[in-house]
Each structure stands twice: as structure tokens, then as C-alpha cells.
Amino acid sequence: MSAGAFGPLTPDFVLTAVETLGLACDGRLLTLNSYENRVYQVGIDGAAPLIAKFYRPGRWSDGAILEEHGFLAELAEAEIPAVPALEIGGQTLHHHDGFRFALFARRGGRAPELDRPEVLGWLGRFLGRIHAVGGCQPFAERPTLDIASFGEQPRDEILHSAFLPAELREPWHTVVDQALASVRRCYERAGALPHLRLHGDCHAGNVLWTDAGPHFVDFDDARNGPAIQDLWMLLSGDTQAMARQLDHVLEGYEQFADFDTKSLHLVEALRTLRLIHYAGWIAKRWSDPAFPAAFGWFDSPRYWQDQILALREQIALMDESPLVQQF
């Protein structure tokens, strides 16, 4: 199915899908922010609203989605604050007229204050607990974060697309290949690191904070990979600031899981792969009408010029491995 196949998801379609599970909707429907999937808050008659997540057709197999649900259930059983898919009729993954969807309890919260040491330590403790569970067994159906899928494949997709302006095609191709060579050197310096089940996209937007502490949402990108993938996106600022932040995160993290400092060689490498993968993701999803509307600057010369500069900066950072020098 094409990326544009979300078209049939009208309000009536969504409400009907939810009601096939024996739930009575009260007609309230709120579209929530999501590009990869479609997510809605659905009012339930006489009960709290639920979150309905409709999966992008063709992205994951049923088995891969069920692995996400299984991981969330393991975390919930261990009393780790993640939101599991609700089991209805003995199933967490449901089908309606060609679409797959799951329901979740609604959990609110605010953005975490990542400039506060106690917040970073709290997040570190919960990530350590998530990784202790994630290390028990790997995903079988879900992929591994690697250079091929996050760097080489999106590079090739962009080169075979019409998004790169002709005058920037060769400069971008040259710098992205140089960046990937630096990424490989970072992986060589890090050596063999254990892979475990990860959140996969653990930025501040996927952490909701309440007075009771944080909970983690949106495990849609969960995959196998090195633990540092779930830590580095919580860090920002210059090298000294990131080193202080990582200290606070690790103070909590190492109460529940071991941390190998060799993985710090991957911080800037993973940041570089994310830059390349993000551009490839937009290119790949362009036929979804939500993407041109949200990323209208994507085919502008300015965007690709900025990407070239960002990749050059990343090459310098990867060669220096600045965080490694701080530890």
C-alpha cells in the first residue's frame, strides 16, 4: 500500500474501527501529532478517553508490531512507566478494513526539564531499568540500528530522488560518503558492544513528565542497538554541558544497568546517522500529503546547503570524539 493510503481514515472510519471492539464511542475525536502513523484521542461513553494508534500500512509486519506490544507489556509488568497496548478480546493488535490499530490508555504530562540534574538522574534510572529488561532477549522481527539501514540506504534513496538540487548533488554525495567513513571509524573505535532492545527514539518529546515522575511514550521505533542510542538524545549544548548532563544521567542509569564508556565513541556517529536517516525518511514518505505540508522546505537549496554544513561539522566532531575526552 502506498504512503497515501491513510486517506480512508475519516472520523467515521476511526470511530467505527474502535467500536468493532465492543466499545461505545461518544463521538469526540481529537487528532494527535504523528507523521509516521495516525494517532487519535477517542472519547468513550462513560469512561476515560483512549488513544487509538493506526499503523502505517506496509511499514511493520504484524510480528514486529506485536514485539513492540510485548516489550511494553514486559516493562509494565516490571512497573516501569511505559504505556502498554490494551488487550481487548485477548488481542492487542486489531484489524479493520485493511488497517491495523491498537488502543492505549491516555496518559498526560509535560516536557521534562532537562536542565535539572535531578530530572536527568530520574530519567537515567528509568532508562537503566528499561535496558535491564531490554537486555534479556533481542527482538526477532524488528531490525537493528546499523550503518546500512540508517546511513547507506537513506543516502541511496536521496540520490535516486529528485529532491537534491542539481548543483548540490555532487557536494552532498561527497560529504555524506565522507561522513559515513567517519561513522565506520567511530564504530571501529567503540569495538563490539552488546545490543539490546531499545526505545529507539528517546528524545524529550517522547518523555512526558508528571508530579509522579516520567513515563515513556511512542515505542514505534523500538529496535535492537547499543544502549547509548537511548541516552545521547537527552544531551544538548557544548561538549562540557553534554558531559555534565551525561554524568547526571549515568548516576541514575548505573544503578540498574552497566554502561560501557567505549560506547561514547558512537555519540556523534549516531547523531550523524540520524541526520542522514531523517532526510531519507522525509524523501521516502513524500507521497503522504502530511509531509509536503509539514516539510515544504525539503527540496529547497538552502536546506541541502545546511545539510552539507552540518555533515562537515559532524565529521570534525567524530574525528575528535569530544565526549570520550571528557570521561
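The values are calculated or read from the model by the stated rules, or taken from the named source; none is laboratory data. All figures in this text were calculated on a predicted structure; none of them were measured in a lab. Quick reminder, even Gly has a Cβ in these numbers, built from the backbone with ideal geometry, and neighbours come from all protein chains shown. Note: accessible area is taken over every heavy atom of the protein model, side chains too, but ligands, DNA and RNA are not part of it. Shrake-Rupley method; radii C 1.70, N 1.55, O 1.52, S 1.80 Å.
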Residue tally, condition farther than 16 Å from D221 by Cα, surrounded by 15 or more Cβ atoms within 10 Å (Cβ to Cβ) and among the aliphatic types (A, V, I, L, M), over segment 105-146: 6
Taking the residues in segment 218-242 that are buried (at least 18 other Cβ atoms within 10 Å of the Cβ) and aliphatic (A, V, I, L, M) as candidates, determine which candidate is farthest from the chain's Cα centre (by Cα). M242
Looking at the structure I just gave you, is Y55 crowded, with 19+ Cβ neighbours inside 10 Å, under 20 Å from F13 (Cβ atoms), in contact with a Lys or Arg (Cβ under 7 Å, 6 or more places away or on another chain) and in contact (Cβ under 8 Å) with a residue 12 or more places away in the chain? yes
Does L93 satisfy the condition of being among the hydrophobic types (A, V, I, L, M, F, W, C), over 19 Å from the mean Cα position of the chain (by Cα), over 20 Å from C202 (Cα atoms) and open to solvent by 20 Å² or more (accessible area, probe 1.4 Å)? no
V267 vs. criteria more than 20 Å from the chain's Cα centre (by Cα) and outside any loop (DSSP other than H, G, I, E, B): no
Which one of these does L50 not meet: (1) open to solvent by 60 Å² or more (accessible area, probe 1.4 Å); (2) over 26 Å from W281 (Cα atoms)? (1)
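Let's see how each residue does on (1) outside any helix (DSSP H, G or I); (2) modelled with pLDDT of 95 or more:
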{"residue": "L15", "(1), (2)": "no, yes"}
{"residue": "L29", "(1), (2)": "yes, yes"}
{"residue": "S34", "(1), (2)": "yes, no"}
{"residue": "G43", "(1), (2)": "yes, yes"}
{"residue": "A52", "(1), (2)": "yes, yes"}
{"residue": "W60", "(1), (2)": "yes, yes"}
{"residue": "G63", "(1), (2)": "no, yes"}
{"residue": "H69", "(1), (2)": "no, yes"}
Condition test on A257, is it assigned to a helix (DSSP H, G or I), at pLDDT 95 or above and surrounded by 17 or more Cβ atoms within 10 Å (Cβ to Cβ)? no
Going residue by residue through segment 279-301, is there one that turns out to be open to solvent by less than 10 Å² (accessible area, probe 1.4 Å), of a type in the set (F, W, Y) and in contact with a Lys or Arg (Cβ under 6 Å, 6 or more places away or on another chain)? yes
For L270, state whether it is under 20 Å from T239 (Cβ atoms) and crowded, with 18+ Cβ neighbours inside 10 Å. yes
How about segment 191-207: which of its residues are open to solvent by 40 Å² or more (accessible area, probe 1.4 Å) and either of a type in the set (V, I, T) or touching a strand residue (DSSP E or B) at 6+ places or on another chain (Cβ under 6 Å) (or both)? H195
Please go through segment 75-90 and pick out each residue that is surrounded by 14 or more Cβ atoms within 10 Å (Cβ to Cβ) and not in a loop (DSSP other than H, G, I, E, B). L75, A76, A82, A85, I88
Return the pairs, sorted by first residue and then second, in which the second residue is among the acidic types (D, E) and open to solvent by less than 90 Å² (accessible area, probe 1.4 Å), the first residue lies in segment 301-327 and is assigned to a helix (DSSP H, G or I), the beta carbons are less than 7 Å apart, and the residues are 6+ apart or on different chains. Q314/E268; L317/E268; M318/E268
Flag if S161 is open to solvent by less than 60 Å² (accessible area, probe 1.4 Å), under 22 Å from N37 (Cα atoms) and not β-branched (V, I, T): no
Mind telling me which of the residues A76, A48, A82 ends up being out of contact with any helix residue (DSSP H, G or I) (no Cβ under 9 Å at 6 or more places or on another chain) and within 26 Å of A132 (Cβ to Cβ)? A76
